[in-house]
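Worksheet: one structure, shown below.
The values are calculated or read from the model by the stated rules, or taken from the named source; none is laboratory data. Just so it is clear, the structure is predicted and the values come from calculations on it, not from any experiment. Here the Cβ positions follow ideal geometry from the backbone for every residue, glycine too, while neighbour counts run over all protein chains shown. Heads up: the accessible areas ignore ligands, DNA and RNA and are worked out on the full protein's heavy atoms, side chains in. Shrake-Rupley method; radii C 1.70, N 1.55, O 1.52, S 1.80 Å.
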Amino acid sequence: MAKFNSLEMAPTLSGDPRVSIKKSFFGTKVVYGQTESKIQFFKKEYTAEVGKSIEIFLKNSLSEIAQKAKGKEKFESTGLGSYLLEGGLSEDAEFAAFRLYHYSQLRYNPVTEILVFEGESANLVGQLF
């Protein structure tokens, strides 16, 4: 689990009207507004080979990604890799947000835009990570 504020994509998601941020004494709670379901965030690293296949997969349109996710095997993460995926998935799997980064020049640089899925698409794509 990753904390929302530690994500590179946090500032962009903060401005998304589908996402509500509730701050309290115990921390920040991020909620998908339509269903009021809490969003859990994560960071996963992938090898160069798996990362490149994720990059190719995510460079399609949102509808194509959701279509290709049906029946696709889960991407296997590694402890240390040259690709990093930041993601968030609501507890009811109705909302998902992802962004892929590649390590070069001593930092992770974005490879994709922030991709946001809702409904069945969120569930299908979320299961791959």
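One table, with the values for the structure above:
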{"item": "Residue match in the stretch 58-74 (condition: closer than 12 Å to Phe117 by Cα and of a type in the set (Ser, Thr, Tyr))", "result": "yes"}
{"item": "Hits in the stretch 70-115 - residues which are among the hydrophobic types (A, V, I, L, M, F, W, C), under 20 Å from Ser37 (Cβ atoms) and touching a residue at least 40 places away in the same chain (Cβ under 8 Å)", "result": "Leu89, Phe95, Ala97, Phe98, Ile114, Leu115"}
{"item": "Wholly enclosed strands (runs of 3 or more DSSP E) of the stretch 66-119 bearing at least 2 residues open to solvent by less than 40 Å² (accessible area, probe 1.4 Å)", "result": "83-90, 95-104, 115-118"}
{"item": "Conditions (1) closer than 21 Å to Asn123 by Cβ; (2) in contact with a Ser or Thr (Cβ under 7 Å, 6 or more places away or on another chain); (3) modelled with pLDDT of 95 or more: number failed by Phe41", "result": "(2)"}
{"item": "Residues located in the stretch 28-46, provided they are open to solvent by 30 Å² or more (accessible area, probe 1.4 Å) and either in contact (Cβ under 8 Å) with a residue 60 or more places away in the chain or assigned to a strand (DSSP E or B) (or both)", "result": "Thr28, Lys29, Gln34, Thr35, Lys38, Gln40, Phe42, Lys43, Lys44, Glu45"}
